[in-house]
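The values are calculated or read from the model by the stated rules, or taken from the named source; none is laboratory data. If you're wondering where the values come from, they're calculated on a predicted model, not measured in any experiment. Reconstructed Cβ throughout: ideal geometry from the backbone, glycine too, with neighbour counts over all protein chains shown. Remember, those area values only see protein heavy atoms, side chains included, never the ligands or the DNA or RNA. Shrake-Rupley method; radii C 1.70, N 1.55, O 1.52, S 1.80 Å.
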Amino acid sequence: MVARNRRGGSRRILRCGLIALPLALLLGTAAPAQVADLVDRSLLRVCADPANRPMSAEDGSGFENKIADFLAAEMGLKVQYTWFPQVIGFVRQTLSLGKCDLVIGFAQGDELVLNTNHYYTSTHVLVVRADGALAGVSELSDPALQGKKLGVVAGSPPATHVARLGLMKLARPYDLMTDRRVEDPAGDMLRDVASGLTDGALMWGPLAGPLAKNQPGLKVIPLVKETLPPRLFFRITMGVRAGEDVWKRELNSLIRRQQEGINAILREAGVPLVDDYGKELLAP
């Protein structure tokens, strides 16, 4: 997902095909005109990417799929999916056309949807080899990173930090926007660290954490000590259509009541959870 800064700067966050953040603001071109209330009360209709592991997958294995199942069960409903790759135009082609009533995983403040309250906060991370020289690094200004080759997503928030710290010359870039049905940049980043092609990878935590669980020998370091902009943490919400405030309030109430259950799903998946200000890693 991609987010626009308050001064109209470039959109940055995307979780879509790649490695930056949850799907947020790159997924459409403009906010669509509002239509009549289209919420289906007999099903929980969700639009999601069929190949955006570990977040969503057509086989239901993603942690966002599990959150959808959990919430639907609490509502006494079944989940019905509309699958569409999370690339530019996702919102316009799905939620805005009434093909679903909910998209799980939007950065707070996304202008393309009406955001619910956030249901978790996470941060970018540094992934390194657990037995390597960088295993003790906790912030990007650490001198140990000088002269190291880092994997970084072009256009993502960590890329700005890498450039400011003089680490870009050796950095290995990875694409921001991809269709994960045919490409796997997040997996490529982790495999490159494991193989030694890169010394570390800067990734969005909800991607890196769950994926790294399946690759022994990797260490995920949440970047909670960075003080300079751009910020590396984001509050993650659910997206509904503009104007559907009653539906939004229902979801807010459900999130509030079931927060512990949602947290349990996220922790089980390996998502690094931080406080609302991105300063402290929450207890596992």
Query raised in the report: Quick check: anything in the range 104-127 in contact with a helix residue (DSSP H, G or I) (Cβ under 6 Å, 6 or more places away or on another chain), buried (at least 21 other Cβ atoms within 10 Å of the Cβ), touching a residue at least 60 places away in the same chain (Cβ under 8 Å) and aromatic (F, W, Y)?
Result: yes
Query raised in the report: Given the conditions (1) on the phi > 0 side of the Ramachandran plot; (2) modelled with pLDDT under 95, which single one is not true for E111?
Result: (1)
Query raised in the report: Do we find a residue being more than 28 Å from D275 (Cβ to Cβ), in a loop (DSSP other than H, G, I, E, B), open to solvent by 40 Å² or more (accessible area, probe 1.4 Å) and touching a helix residue (DSSP H, G or I) at 6+ places or on another chain (Cβ under 9 Å) anywhere in the range 64-76?
Result: no
Requested in this report: For residues that are among the hydrophobic types (A, V, I, L, M, F, W, C) and under 17 Å from the mean Cα position of the chain (by Cα), scanning just the range 85-103, find the one that is surrounded by the most Cβ atoms within 10 Å (Cβ to Cβ).
Outcome: V103
Requested in this report: Could you grab the pairs with beta carbons closer than 6 Å, sequence gap of 6+ or different chains, first residue in the range 48-64 and under 15 Å from G209 (Cα atoms), second one open to solvent by less than 20 Å² (accessible area, probe 1.4 Å) and among the β-branched types (V, I, T)?
Outcome: E64/I104
Query raised in the report: For M55, all conditions in the list (1) hydrophobic (A, V, I, L, M, F, W, C); (2) open to solvent by 10 Å² or more (accessible area, probe 1.4 Å); (3) modelled with pLDDT of 90 or more hold save one; what is the number of the exception?
Result: (2)
Query raised in the report: Looking at the range 143-170, which of its residues are within 20 Å of L223 (Cα to Cα), open to solvent by 20 Å² or more (accessible area, probe 1.4 Å) and part of a loop (DSSP other than H, G, I, E, B)?
Result: Q146, G147, K148, K149, A154, G155, L165, G166, M168
Query - Selection within the range 175-198 - surrounded by fewer than 22 Cβ atoms within 10 Å (Cβ to Cβ) and not in a helix (DSSP H, G or I) - result: D175, M177, T178, D179, R181, V182, E183, D184, G196, L197
Report task. Examine the range 130-142 for a residue that is crowded, with 18+ Cβ neighbours inside 10 Å and touching a strand residue (DSSP E or B) at 6+ places or on another chain (Cβ under 6 Å), and state whether such a residue exists. Result -> yes
**Report entry** Wholly within the range 204-283, helices (runs of 4 or more DSSP H) carrying at least 1 residues that are out of contact with any Pro (no Cβ under 7 Å at 6 or more places or on another chain), on the phi < 0 side of the Ramachandran plot and surrounded by fewer than 15 Cβ atoms within 10 Å (Cβ to Cβ)
**Finding:** 245-257, 259-269
Query raised in the report: Quick one: what pairs do we get from the range 253-277, first residue among the acidic types (D, E), second modelled with pLDDT of 95 or more and open to solvent by less than 20 Å² (accessible area, probe 1.4 Å), C-beta under 7 Å, 6+ apart or different chains?
Result: D275/T121; D276/T121
Report summary line: Going through (1) over 23 Å from R267 (Cβ atoms); (2) assigned to a strand (DSSP E or B) one by one, V46 fails only at (1)
